[in-house]
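First comes the structure, then the notes that go with it.
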Amino acid sequence: MAAIGEFREDRQSLIRWHYLWYVAAALLVMIAAIVYGNVWFLNWVHVMSGVLWTGIDLFMGFVIGPIIRSVDVPIRKEIITRLTPVTLFLMPTLSVLTGTAGWFLAVELGFTAMPWPQFGWIVAALVLVTLMTIQGLGYLLPTSLRVCFELQKPKPDGPKIGRMMSRFYYVVASQGVMQVAIIVVMAKLVTGV
């Protein structure tokens, strides 16, 4: 009986479509904050999604990443195949929530109408969030899926995974640097430009 359960777990899709309900709920909360126009609520959505996005990103890049690189392929397979379904919808949603709520918050607070050079801080934030979102959706997410699908094969191609993951870690490291930079920008905006 345990063998059947194990077989079902191994064959289970990496894409857990029921997680879309959580994505929809998060997007509805953000939309409500934007439509309602309450600065506190909009700030809460922006800060909470930003803290989660930044915290998870830094934790994954500087704690989980080195651990995954150092373990044997079977253990790596277990970690990645359990981690990917969770982060597949979570990270893109957090990046979209953070950037969108942040833009509307900046408009509400009048940051987008500031003169130069103060407006430069808004531009810096927008550039950083845009770059991180493009990297996340355009490279990190597809690479994670390709590695995960490769690891699900009966005989994963180790060198292929190694090549994908070596580039992956450089992009994750650049994300970490940009996450720290965005914290600097946000601290400057919060304390006055």
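Can you tell me which of (1) farther than 21 Å from A32 by Cα; (2) of a type in the set (F, W, Y); (3) surrounded by 15 or more Cβ atoms within 10 Å (Cβ to Cβ) is the one W116 doesn't meet?
Condition not satisfied by W116: (3).
A quick yes/no check of all residues on (1) touching a residue at least 12 places away in the same chain (Cβ under 8 Å); (2) under 16 Å from Y169 (Cα atoms):
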{"position": "G55", "(1), (2)": "no, no"}
{"position": "G61", "(1), (2)": "yes, yes"}
{"position": "R69", "(1), (2)": "yes, yes"}
{"position": "S95", "(1), (2)": "yes, no"}
{"position": "I122", "(1), (2)": "yes, no"}
{"position": "Q135", "(1), (2)": "yes, yes"}
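What are the residues in region 176-191 that are without any contact (Cβ under 8 Å) to a residue 12 or more places away in the chain and farther than 21 Å from F59 by Cβ, if any?
V190, T191
Rundown of residues vs (1) at pLDDT 90 or above; (2) in contact with a Phe, Trp or Tyr (Cβ under 8 Å, 6 or more places away or on another chain), yes/no style:
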site: P66; (1), (2): no, no
site: I80; (1), (2): no, no
site: L83; (1), (2): no, no
site: F89; (1), (2): no, yes
site: G99; (1), (2): no, no
site: A124; (1), (2): yes, no
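Among the residues of region 34-50 satisfying the criterion of being farther than 14 Å from G99 by Cβ and touching a residue at least 12 places away in the same chain (Cβ under 8 Å), which is surrounded by the most Cβ atoms within 10 Å (Cβ to Cβ)?
That would be N43.
Give me a count of the residues in region 179-193 that are of a type in the set (V, I, T) and over 23 Å from Q135 (Cα atoms).
3
To keep it simple, each residue is scored yes or no on (1) among the acidic types (D, E); (2) in a helix (DSSP H, G or I); (3) at pLDDT 95 or above; (4) touching a Leu at 6+ places or on another chain (Cβ under 6 Å).
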residue: E9; (1), (2), (3), (4): yes, yes, no, no
residue: H46; (1), (2), (3), (4): no, yes, no, yes
residue: G50; (1), (2), (3), (4): no, yes, no, no
residue: L58; (1), (2), (3), (4): no, yes, no, no
residue: V63; (1), (2), (3), (4): no, yes, no, no
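Determine whether S144 is under 13 Å from the mean Cα position of the chain (by Cα), part of a helix (DSSP H, G or I) and closer than 26 Å to W44 by Cα.
No, not satisfied.
The values are calculated or read from the model by the stated rules, or taken from the named source; none is laboratory data. Source: prediction; values computed, not measured. Glycine gets a Cβ as well: all are built from the backbone with ideal geometry, and neighbour counts include every protein chain shown.
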